[in-house]
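Single-structure report; data block below.
The values are calculated or read from the model by the stated rules, or taken from the named source; none is laboratory data. None of the values given here were measured: they were computed from a predicted structure. Ideal geometry is used to build each Cβ from the backbone, glycine not excepted, and the neighbour counts take in all protein chains shown.
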Protein chains: 2
Amino acid sequence: MRKLKIAQFGLGPIGLETLNLAATKPWAEIVGAIDFDAAKVGKDLGTLTSIKRLRGLKVCRSLDELLQKAKPQIVFHTTVSRFKLAFEQLEPIARRGLNVVSSCEELIFPQLLQPNSATRLDRLCRANGARIVAAGVNPGFVMDLLPLCMTGICREVRAVHVQRVVDAATRREPLQRKIGSGLPRNEFQRRLKAGQAGHAGLKESLALLAHGLGWKLEGISETGKAVIAQQDIRTQYLHVKKGQTCGLHQRAEARIRGKLRLSLDLKMFLNAPDPHDALQIEGDPPLDMVINGGVAGDQATVAALVNTAPRLLKASPGLLLPTDLLVPRFG
Amino acid sequence: MRKLKIAQFGLGPIGLETLNLAATKPWAEIVGAIDFDAAKVGKDLGTLTSIKRLRGLKVCRSLDELLQKAKPQIVFHTTVSRFKLAFEQLEPIARRGLNVVSSCEELIFPQLLQPNSATRLDRLCRANGARIVAAGVNPGFVMDLLPLCMTGICREVRAVHVQRVVDAATRREPLQRKIGSGLPRNEFQRRLKAGQAGHAGLKESLALLAHGLGWKLEGISETGKAVIAQQDIRTQYLHVKKGQTCGLHQRAEARIRGKLRLSLDLKMFLNAPDPHDALQIEGDPPLDMVINGGVAGDQATVAALVNTAPRLLKASPGLLLPTDLLVPRFG
């Protein structure tokens, strides 16, 4: 078996775990990594990851530097949540005809916020034989791809509702901070309203669902509010006082001619009881599904990124949606 | 939009419902049907289905007769459960370069029982630009494709266990008879043992799962036993006395080096309590999923067949597995 040459773009916690997992795959050969952080540039990948056979590979400061040393076929891209920022990083990768699996949340359906940039990137991919797709758990699976899979056995779909409840106390520190833990209620509410805080990709999940079902939406509404600690909460990483923010409740909805057709409801807060993912399809047959305990985000996100790579190469070039790929599976 | 020309092969209850559903799709144009039953040959499809615009289309007795009148691109094939029997019907269709979505249970993984026939059919498909795939709910979704989808977010998969409990009293008469309802316990047990009764496709679901995970099995064991009525049961169609068979409990398992790695457990009996589909993945992350009430078989099977057609045409020619197609979805 010819191995796929892999590079990692972004060496935060998710990027490092992606490298660690990719290195275990018989089809993968790690050939390099990029990070913009001066503290990481030049560091030895063998040291950063503790994978001995990566010793001698130094972190590059740019794509150009990496390409002078290696010819990756797939780039795992784990740097930003916003497509606007990702675009500038992905554009030169597409120009070189490389393939990308990205954790960028808005890239799950980039046509929603930046349709022109999406079209440009898609053309560039097609012209150069590159493939770009986003993958993950949320967005990327539990609130979009999995519900779509389930509609494959429906004669009729009238509405799709998904709820995700995450106990953020069991998650890594950046997530605990992202959901506003420890901030005064008003401060987090202000940031949510200004689009400076909150979970990225919820609207995009909904747009992907609608696109997959062939539904023309009249618009998407999204609301977000702080969840307030009812008592002091101490996690491995931080201490939240009663009355401070301990998480968020975010919701995206779409109606067609006044009727609620799609709803995605996301609660992520410290010590959230009964964490789970749930799905109801109003249709024929109706479907009522629950993942008890929910899907743990980080490990599963890393798995989704790595498992997507072999399937990405079987797709035609372009800026792709998860629905443009073969059935997901461990690989 | 150019419509896909559709023909129906087999006009039993599932075949007729497939036609009814396909006729509602904007991408489909029904051009004819085949059945071997002399009582159906020559009948008007408009009468058989109550779809007015099919009036004037007569049921053909053979593929040759159909092809003299119409040029279908897709054939929905709903005649038999055994690949051995399906092969003779599919071989001439492949030779003509047509595409097939079939409900044939063993066709979900035909390599298991008839690897040589599967290879022959695959070559024939490739040589003539034909595509053949099976679809359905079980096999085809709840015990194979859906579990595989879920492994797409796993870093590691150690074992996959699926349970399906069907209350057969809510299902159509042929299914109630298929599971032995009303037979003496010993008689059904004898038929099960002789392979003359039972649910077809369970071993194939397990083989598809193993194939999708890249696992080499040392063998598959399958057991089946009668479920006995604890009291008299009366359904819409039949009357089962206490002590007679009222359904079956079938189970397929695979071990690797002595360890149970895959198990599919199927209970279908009259008045089965708490019908559901459940899935546990032992892995990282572990996953524990339940479809409350389960997936109602017939309507969902028909939906799976019809929804598969648009995705089939995007695949390369061959005798395909469900995992060779794009992500399932309503379409």
Q. Of the residues in segment B:143-183, how many are under 22 Å from A:Ala296 (Cα atoms) and of a type in the set (Val, Ile, Thr)?
A. 5
Q) Does B:Gly46 qualify as being small (Gly, Ala, Ser) and assigned to a helix (DSSP H, G or I)? A) yes
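Would you mind finding the one in B:Gly195, B:Gly140 that is in a loop (DSSP other than H, G, I, E, B) and modelled with pLDDT of 95 or more?
Checking each option against the conditions leaves just B:Gly140.
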Q. Is there a residue being within 27 Å of B:Asp232 (Cα to Cα) and assigned to a helix (DSSP H, G or I) anywhere in segment B:157-169?
A. yes
Q. Which of (1) in contact with a Gly (Cβ under 9 Å, 6 or more places away or on another chain); (2) touching a residue at least 40 places away in the same chain (Cβ under 8 Å); (3) under 30 Å from A:Pro92 (Cα atoms) is the odd one out, the single condition A:Gln111 does not satisfy?
A. (1)
Q) For segment B:282-307, what are the residues that are at the interface with chain A (Cβ under 9 Å from one of its Cβ atoms), in contact (Cβ under 8 Å) with a residue 24 or more places away in the chain and within 30 Å of A:Asp298 (Cβ to Cβ)? A) B:Gly283, B:Asp284, B:Pro285, B:Leu287, B:Met289, B:Ile291
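A quick yes/no check of all residues on (1) assigned to a loop (DSSP other than H, G, I, E, B); (2) surrounded by fewer than 24 Cβ atoms within 10 Å (Cβ to Cβ); (3) touching a Ser or Thr at 6+ places or on another chain (Cβ under 9 Å):
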{"position": "B:Gln68", "(1), (2), (3)": "no, yes, no"}
{"position": "B:Val75", "(1), (2), (3)": "no, no, yes"}
{"position": "B:Gln89", "(1), (2), (3)": "no, yes, yes"}
{"position": "B:Ile153", "(1), (2), (3)": "yes, no, yes"}
Q. Given the conditions (1) touching an Asp or Glu at 6+ places or on another chain (Cβ under 8 Å); (2) over 23 Å from B:Pro328 (Cβ atoms); (3) at pLDDT 95 or above; (4) among the basic types (Lys, Arg), which single one is not true for B:Arg172?
A. (3)
Q: Determine, yes or no, whether A:Val41 is touching a Lys or Arg at 6+ places or on another chain (Cβ under 6 Å) and either in contact (Cβ under 8 Å) with a residue 40 or more places away in the chain or of a type in the set (Gly, Ala, Ser) (or both).
A: no
Q | Out of A:Lys203, A:Lys259, A:Lys216, A:Lys242, sole residue that is out of contact with any Leu (no Cβ under 8 Å at 6 or more places or on another chain) and closer than 25 Å to A:Phe83 by Cβ | A | A:Lys216
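Which of the residues spanning segment A:7-33 are of a type outside the set (Gly, Ala, Ser), more than 19 Å from the chain's Cα centre (by Cα) and surrounded by 19 or more Cβ atoms within 10 Å (Cβ to Cβ)?
A:Ile30, A:Val31
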Q. When you go through A:Gly294, A:Gly331 one by one, which is the residue that is within 25 Å of A:Asn20 (Cα to Cα), at pLDDT below 95, of a type outside the set (Lys, Arg) and outside any helix (DSSP H, G or I)?
A. A:Gly331
**Q.** Check on A:Lys259, more than 23 Å from A:Ala200 (Cβ to Cβ), of a type outside the set (Ser, Thr, Tyr) and not assigned by TED's automatic domain parsing to the domain that holds A:Val160
**A.** no
